[in-house]
1. Can you give me the number of residues within the range 1-23 that are assigned to a strand (DSSP E or B) and surrounded by fewer than 11 Cβ atoms within 10 Å (Cβ to Cβ)?
2. What's the number of the condition residue 52 fails, among (1) modelled with pLDDT of 95 or more; (2) touching a helix residue (DSSP H, G or I) at 6+ places or on another chain (Cβ under 9 Å); (3) not basic (Lys, Arg)?
3. For the range 92-102, which positions are surrounded by 11 or more Cβ atoms within 10 Å (Cβ to Cβ) and either more than 19 Å from the chain's Cα centre (by Cα) or within 18 Å of residue 79 (Cβ to Cβ) (or both)?
4. Please go through the range 26-49 and pick out each residue that is touching a strand residue (DSSP E or B) at 6+ places or on another chain (Cβ under 7 Å) and on the phi > 0 side of the Ramachandran plot.
5. Specify the residue that is surrounded by the fewest Cβ atoms within 10 Å (Cβ to Cβ); the eligible residues are those in the range 33-68 that are under 12 Å from the mean Cα position of the chain (by Cα) and aromatic (Phe, Trp, Tyr).
Amino acid sequence: MFAIEIRDLVKKYKNGVCALNGLNMNVNTGNIFSLLGENGAGKSSLIQILTTFYKPSSGKVKVFGKDLSSEAAWIRTQIACVSQKISVDEHLSLMENMVFQSRLYQVEKKTAEKRIAD
């Protein structure tokens, strides 16, 4: 099983920009991978799709064998995404940001507290 399996992925925005046009790729379970490319190549769009923030225009995406379009809630429980920005809200402490993120993803309070402590 692949950690990530992408087939014919397309992301077109309402303004007509096509960020991804037929992307195919696999990432083996246990592997670490990087996305490299020029500005506008679709890296951020792909990450937004993989983290379930954006929906693809077409194509198939599986994460840990689960279909992204029908099992997004489960996928969100299995992944973590760290923003390029230091904070969700610059007025919040690191601890407050982690609590905010755990609530955003509906992580049970005791589970969130353990993960934050770790």
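1. 0
2. Going through (1) modelled with pLDDT of 95 or more; (2) touching a helix residue (DSSP H, G or I) at 6+ places or on another chain (Cβ under 9 Å); (3) not basic (Lys, Arg) one by one, residue 52 breaks only (1).
3. Selection gives 92, 96, 97, 98, 100, 101, 102.
4. 42
5. Applying the filter and picking the extreme gives 53.
The values are calculated or read from the model by the stated rules, or taken from the named source; none is laboratory data. Everything quoted here is computed from the prediction, not taken from an experiment. Every residue, glycine as well, gets a Cβ built from its backbone with ideal geometry; the counts of neighbours run over all protein chains shown.
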